[in-house]
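Enquirer: One structure, as structure tokens, below. Some questions next.
Values in this text are rule-based calculations from the coordinates and carry no lab data. Computed from a predicted structure; not experimentally measured. Glycine gets a Cβ as well: all are built from the backbone with ideal geometry, and neighbour counts include every protein chain shown.
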Amino acid sequence: MEFVGEYLVFLAKAVTFVAAVVAIVSVIATAIQRQRGSGAERLEVESLNQRFEQIADSLGHEILDKSARKALEADRKRRAKAESKAAELGDGPRKKRLFVLDFDGDIKATAVEALRDEISAILQTADTGDSALLRLESSGGMVHSYGLASSQLVRLRDKGIHLTVAIDKVAASGGYMMACVADEIIAAPFAIVGSIGVVAQLPNFHRLLEQHNIDFELHTAGDYKRTLTMFGENTEGGREKFREELEEAHQLFKQFISTYRSKLDVEAVATGEHWFGSRALELGLIDAIRTSDDLLLDAAKTQNVYRLEFKPKLSLQDRIASAVDSAIAGAGRALSRRRLGA
């Protein structure tokens, strides 16, 4: 009887485990099915005018009385009808457009892959008087990666599209390299700006390897094919060449900034230091203290404002990971609702 009891317990655990696995696979499969269309690359366009109106309507519905709400809705419909009629008849000047982009930079500036397609879309669509806003957040990273990202913004300026960069949190080092391309730079009072410098570091394990009688061989063709190494014995000549390369990159960085912000005293700010927005304004690193939110609200009064986001094609692995994340998040929300009694 003891054996039978243990077997029944084991069987119950096995059935429970199999049921759990089936349930998880089912949830993931459902999530993947829902996201099947999201695997293809696409450009998403959102009207921020409509978004702002929806937010205002939500608040107005709660705080305005019935007559005030009706008056507001009537006025909005009247303006929309007038704009639609004017557009059909070609009467009056075309409403200008502001294209809004977001760049959240990591050390490799991987967001540049989406940025280049977003800018290509703008260049094929923008007309005279249209402009662009980049909401930039980056602490910098690899020189060549941020060089490419900056070059993408140069494409806008070369086509005569007025570019504003908004720094709400941080644009340092490579991030500021991107920002300086703009016709206008705005920043929040406590945004971090600057860090115009170049840094490189690496450990060296040569003495540790020697202690353990481990040989390391490095063969190169060319005196400076490898200046510093992590495992070999570094020479003073190699160190000097490495510092020379860093200084060359720093000089190119400063020249690039001078090209687009000619009134800025680059030598005074290219010390590797960073400053908060208010001080950055005094130094000439930015043009105004302002958040992107204020700029967008004002722009929506007179322009059609569109936020663009390019969604690259996802691999099967990425889609599965995204589906799992969505399934876990959905389960968490459901659990929270149950705990709250919803």
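Enquirer: For Phe205, what is the net charge nearby, where nearby means another residue's Cβ is under 13 Å from its Cβ and Lys, Arg count +1, Asp, Glu -1?
Expert: -2
Enquirer: How much net charge surrounds Leu64 when only the other residues with a Cβ under 15 Å from the Cβ of Leu64 are counted, with Lys and Arg +1 and Asp and Glu -1?
Expert: Summing Lys/Arg as +1 and Asp/Glu as -1 gives -2.
Enquirer: I would also like to ask the following. If the chain between Glu46 and Glu184 were fully stretched, how many nm would it gain, using 0.36 nm times the residue separation less the Cα-Cα distance?
Expert: That works out to 47.3 nm of additional length.
Enquirer: Ranked from highest to lowest mean number of other Cβ atoms within 10 Å per residue, what is the order of the peptides 168-181, 192-205, 43-56?
Expert: Per-residue mean Cβ counts within 10 Å order the peptides as 168-181, 192-205, 43-56.
Enquirer: Right, another one. Could you work out how much longer the chain between Asp65 and Thr271 gets when fully extended? Use 0.36 nm per residue separation minus the Cα distance between them, nm to one decimal.
Expert: 68.4 nm
Enquirer: Now a separate question. Between Ala56 and Thr302, what is the label-point separation in nm under the 7 Å Cα-to-beta-carbon projection?
Expert: Placing both labels 7 Å along Cα→Cβ, they lie 1.6 nm apart.
Enquirer: With label points built 7 Å along Cα→Cβ from the Cα atoms of Lys81 and Arg239, find their separation and express it in nm.
Expert: Going from the Lys81 label point to the Arg239 one covers 8.0 nm.
Enquirer: Turning to a different aspect of this structure: Which order do the peptides 257-267, 147-157 take when ranked by the mean count of other beta-carbon atoms within 10 Å per residue, highest first?
Expert: 147-157, 257-267
Enquirer: Continuing with the same structure: At 25 °C and 0.890 mPa s, grab the translational diffusion coefficient of segment 184-296 from Stokes-Einstein with a Kirkwood Rh over Cα pairs, rounded to a whole number in µm² per second.
Expert: Rounded, D is 141 µm²/s.
Enquirer: Straight-line reach from Lys311: which lysines have a Cα under 21 Å away, not including same-chain ones fewer than 8 places off?
Expert: In chain and number order, the partners are Lys108.
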